[in-house]
Amino acid sequence: MSRYSDVKKIILAKWPKAKIKSIKEFPEGYNNLPYDVKLDSGEYVIKMLKVKGYEDYILKQKHIGALVRKKFKDFPISKIVKADFSKKVINNPYAIVEKLEGKSLQTMYKKVTNKEELYEEIGELYGKLHSFKFDKYGELDSSLNLIKEYKSWYLGRCKRVKRIFEKIEENNLLSKKTLDIHKTFFDKNKFLLKKGVSPCLCHGDSSASNVIIKKVDNKYKVSGIIDFEFSRASEGTYDLFGGIRTFEKKYRHKESLVEGYTKWNKLPEQWEKLIFLYLWIGHLNQLTNIKKMKWRNLSEGDTLNRKRSLRKKGLLVLKKIEKDLSH
């Protein structure tokens, strides 16, 4: 049975008399299968939850929305209309989410003429989100209770890099000489991880695909921030500049992003060096994940070419970061 048939079942279970105008699969979305659904009564996003455990994570958005809007009335988070994990309607957990007007920044970036103004607004929204503090770093359950606490952000990141090195060595992803160079580089620069800010409420996946924008009077404005499944008590600098695919754009507009952010929050003194170390860790980690990566609607040949391109680009970025941080 097609996925579209499942989407229809979900719609009719919630709105038995609904007239369906259109169902369209979003090209973006890795962890979920999202669909744009237009009904006679309105427009919604239906997400098929692919990964086990997302049942709990999807509920975070509901609680985060209530928490943040209590302090910031107009903070743009889409509402969860329904979350069903019973598998009674279809053989898959799903969520129905309010559709926000506009398209992702990832899609619309080239068309935005007021980029600096937009990135200042984005920075301000993340500054507001990060204004909610926690006593410790860690994962959050569906009710935003702290679980899986990290005793130390510094030690936690160091352990993560150690695991990345082990995976690289086990799978022969880099030569021993190159791997030793990376290990030496990290030993010299890991002190920067101690410069991060105290734990706060973080989005966890602050890519441009999760920022929705719309045009208002010839200017683009943020209409929503979506997909809070990975939200946690984390380090704000890491969250603000996170996302390998979107880091370059964020860095290009860093003055505006930081100007908006610092209206509500602080960044560490060496934040610029710190974000490049985070980027280095991200690209190094990506090397260990490329082999198992999959993309919807890509042929086997296109998938292989994309993997090769990611590896080549990743290695070039790693070399550039090492050079920049060594000065």
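The values are calculated or read from the model by the stated rules, or taken from the named source; none is laboratory data. Owing to the predicted nature of the structure, the values given are computational and were not obtained by experimental measurement. Cβ: placed from backbone, ideal geometry, glycine included. Neighbour counts: every protein chain shown.
For region 200-222, the condition holds for no residue, the condition being that it is at pLDDT 95 or above, of a type in the set (D, E) and farther than 30 Å from Y35 by Cβ. Quick check on this structure: which one of E166, E101 is more than 18 Å from the chain's Cα centre (by Cα), loosely packed, with under 15 Cβ neighbours inside 10 Å and touching a residue at least 12 places away in the same chain (Cβ under 8 Å)? Unique residue meeting the criteria: E101.
On the stretch given as region 82-98, residues that are surrounded by fewer than 16 Cβ atoms within 10 Å (Cβ to Cβ) and within 29 Å of K215 (Cβ to Cβ) total 0.
Inspect region 280-291 for any residue being surrounded by fewer than 22 Cβ atoms within 10 Å (Cβ to Cβ), touching a residue at least 60 places away in the same chain (Cβ under 8 Å) and in a loop (DSSP other than H, G, I, E, B) and give the result as yes or no. No: zero hits. Taking first residues from region 67-87 that are closer than 17 Å to D227 by Cα and partners that are among the β-branched types (V, I, T), the Cβ contacts under 6 Å between residues at least 6 apart in sequence or on separate chains come to F75/V68; S78/V97; S78/I226; I80/V97; V81/I96; K82/I96; A83/I58.
Looking only at region 264-279, which residues are aromatic (F, W, Y) and either within 20 Å of Q106 (Cβ to Cβ) or assigned to a helix (DSSP H, G or I) (or both)? Result: W271, F276, Y278. For region 182-198, filtering for residues that are assigned to a loop (DSSP other than H, G, I, E, B) and among the hydroxyl-bearing types (S, T, Y) leaves 1.
The single condition among (1) touching a residue at least 40 places away in the same chain (Cβ under 8 Å); (2) within 25 Å of F26 (Cβ to Cβ); (3) surrounded by fewer than 17 Cβ atoms within 10 Å (Cβ to Cβ) that E248 does not satisfy is (1).
Could you tell me whether any residue of region 255-265 is at pLDDT 90 or above and either closer than 24 Å to F186 by Cβ or acidic (D, E) (or both)?
First, the residues of region 255-265 that are at pLDDT 90 or above: 255-265.
Adding the requirement that they be either closer than 24 Å to F186 by Cβ or acidic (D, E) (or both) leaves 255, 259.
Yes, because at least one residue in region 255-265 is at pLDDT 90 or above and either closer than 24 Å to F186 by Cβ or acidic (D, E) (or both).
Only one entry of K148, K115 meets the criterion of being surrounded by fewer than 18 Cβ atoms within 10 Å (Cβ to Cβ), touching a strand residue (DSSP E or B) at 6+ places or on another chain (Cβ under 9 Å) and at pLDDT 90 or above, and that entry is K115.
Could you count how many residues in region 203-251 are charged (D, E, K, R) and within 8 Å of the chain's Cα centre (by Cα)? Lay out the reasoning, then the answer.
Start the filter on region 203-251 by keeping residues that are charged (D, E, K, R), which leaves 205, 214-215, 217, 219, 221, 227, 229, 232, 235, 239, 245, 248-250.
Those still in the list that are within 8 Å of the chain's Cα centre (by Cα) too: 205, 227.
Here the count works out to 2.
When V197, V222, V211, V216 are checked against the criterion of being on the phi < 0 side of the Ramachandran plot, touching a strand residue (DSSP E or B) at 6+ places or on another chain (Cβ under 8 Å), β-branched (V, I, T) and surrounded by fewer than 22 Cβ atoms within 10 Å (Cβ to Cβ), V222 stands alone in meeting it. When K177 is tested against the conditions (1) surrounded by 15 or more Cβ atoms within 10 Å (Cβ to Cβ); (2) over 23 Å from the mean Cα position of the chain (by Cα), the lone failure is (1). Of the helices (runs of 4 or more DSSP H) lying entirely inside region 199-263, those containing at least 3 residues that are under 27 Å from K62 (Cβ atoms) are 236-240.
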